[in-house]
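These notes are about the structure you will find just below.
The values are calculated or read from the model by the stated rules, or taken from the named source; none is laboratory data. From a predicted model like this one, the values you see are computed outputs, not experimental measurements. All Cβ positions, glycine included, derive from the backbone under ideal geometry; neighbour counts span all protein chains shown. Only protein heavy atoms, including side chains, enter the accessible area calculation; ligands, DNA and RNA are left aside. Shrake-Rupley method; radii C 1.70, N 1.55, O 1.52, S 1.80 Å.
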Amino acid sequence: MNLEDLVRLRRARDLMDRDYAKPLDVPALARVALMSPGHFSRSFRAAFGETPYSYLMTRRIERAMALLRRGDLTVTEVCFEVGCTSLGSFSSRFTELVGESPSAYRARRPDEVSALPACVAKVHTRPVRNGEARPPSPPVA
């Protein structure tokens, strides 16, 4: 893969980071990267180690975790706020990445990260992308 391709792939990844709540699909992202959809998907996976869909869903779940910790929105509201259109798919993916359902996560509202700076809390609570969710961390004393 050449440098020009990586620059274009990063442009598409940056779009997902910024506009995660908007309807984004592989053809639209491929257009941003100036690639065919098939070539874009293969190149994205080779460059970043996961599919464009997986990357986008991880961004959405990360944002959902922050909104659920805040506690002022329902799980359904959070689902739609982060750009998901199916509560069932959102809940399944959330549970797969986080290790507990969105409702359980919201009810628990992890106090162990409330005293941490936001940048540290984001790293501590980042969803796992390989499908092997970590068990919830015990509260910090």
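What to note about this one:
- Residues that are of a type outside the set (Lys, Arg), open to solvent by less than 50 Å² (accessible area, probe 1.4 Å), in a helix (DSSP H, G or I) and at pLDDT 90 or above do occur in region 104-123, at least one of them.
- Candidate set: region 14-32, residues that are out of contact with any Ser or Thr (no Cβ under 8 Å at 6 or more places or on another chain) and among the small types (Gly, Ala, Ser); chosen: the one farthest from Pro52 (Cα to Cα): Ala21
- Taken over region 1-21, the criterion of being of a type in the set (Asp, Glu) and touching a helix residue (DSSP H, G or I) at 6+ places or on another chain (Cβ under 8 Å) is satisfied by Asp5, Asp17.
- Residue in region 1-12 that is nearest to Phe48 (Cα to Cα), counting only those that are among the charged types (D, E, K, R) and open to solvent by 60 Å² or more (accessible area, probe 1.4 Å): Arg10
- Residues within region 46-55 that are touching a helix residue (DSSP H, G or I) at 6+ places or on another chain (Cβ under 8 Å), assigned to a helix (DSSP H, G or I) and open to solvent by 10 Å² or more (accessible area, probe 1.4 Å), tallied: 4
- Any hit, region 90-98, residues being open to solvent by 50 Å² or more (accessible area, probe 1.4 Å), under 21 Å from Arg10 (Cα atoms), of a type outside the set (S, T, N, Q) and modelled with pLDDT under 95: no
- Yes/no for Ala66 being over 13 Å from Arg106 (Cα atoms), surrounded by fewer than 17 Cβ atoms within 10 Å (Cβ to Cβ) and either aliphatic (A, V, I, L, M) or in contact with an Asp or Glu (Cβ under 7 Å, 6 or more places away or on another chain) (or both): no
- Residue among Thr95, Thr76, Thr58, Thr85 that is touching a helix residue (DSSP H, G or I) at 6+ places or on another chain (Cβ under 9 Å) and not in a helix (DSSP H, G or I): Thr85
- Among (1) assigned to a helix (DSSP H, G or I); (2) touching a Lys or Arg at 6+ places or on another chain (Cβ under 8 Å), the one test that Arg42 misses: (2)
- Selection status of Arg60, at pLDDT 95 or above and within 17 Å of Tyr20 (Cα to Cα): yes
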